[in-house]
Amino acid sequence: MSIWKRKPLALLLEEATESEKGLKKTLTAKGLVALGVGAIIGAGLFSITGLAAANNAGPAITISFLVAALGCIFAGLCYAEFSSMIPVAGSAYTYSFATMGEFIAWII
């Protein structure tokens, strides 16, 4: 048993379709956007802005937020690409297991 073994996409899709107890998609695009915005606002906007401006960015806080937003956009696009290639539940673990192997998936 190798730590670098990968699970073929066909097997992942077969396991997802044959399981009746699998997760069902219930969130709409509007619900997902609301969930994402709520998490972003609650996690950082009100608690970190003052510290970041005072200690790190100073008057360039707007630029630092734009750079962070660009990084978030790229991460979102990566997850969109992964989920269109491997349309099963499991998020980063499943995506990395199918593409890079079990050991990397375990680390992730």
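Throughout, read-outs are computed from the coordinates displayed, never taken from laboratory work. Model, not experiment: these values are computed from the prediction. Don't worry about glycine lacking a Cβ; one is built from the backbone with ideal geometry, like all the others, and counts go over all protein chains shown.
Points worth noting:
- Distance in nm between pseudo-label sites at SER83 and ILE104 (7 Å out along the Cβ direction from Cα): 2.1
- Relative packing of 59-69, 24-34, which averages over residues the other C-beta atoms within 10 Å, highest first: 59-69, 24-34
- Couplings 3J(HN,Hα) of segment 66-81, computed from phi: 5, 5, 5, 5, 5, x, 5, 4, 5, 5, x, 5, 4, 5, 5, 5 Hz, in residue order, whole Hz [Karplus 6.51 cos²θ - 1.76 cosθ + 1.60, θ = phi - 60°; x for Gly and Pro].
- For segment 52-64, Karplus couplings with θ = phi - 60° (6.51, -1.76, 1.60), whole Hz, Gly/Pro x: 5, 5, 6, 8, 10, 9, x, x, 8, 4, 5, 5, 5
- What the phi angles of segment 93-108 give under the Karplus curve with 6.51, -1.76 and 1.60, with θ = phi - 60°, is a coupling list of 4, 5, 4, 6, 5, 6, 9, 10, x, 5, 5, 5, 4, 5, 5, 5 Hz, glycine and proline written as x.
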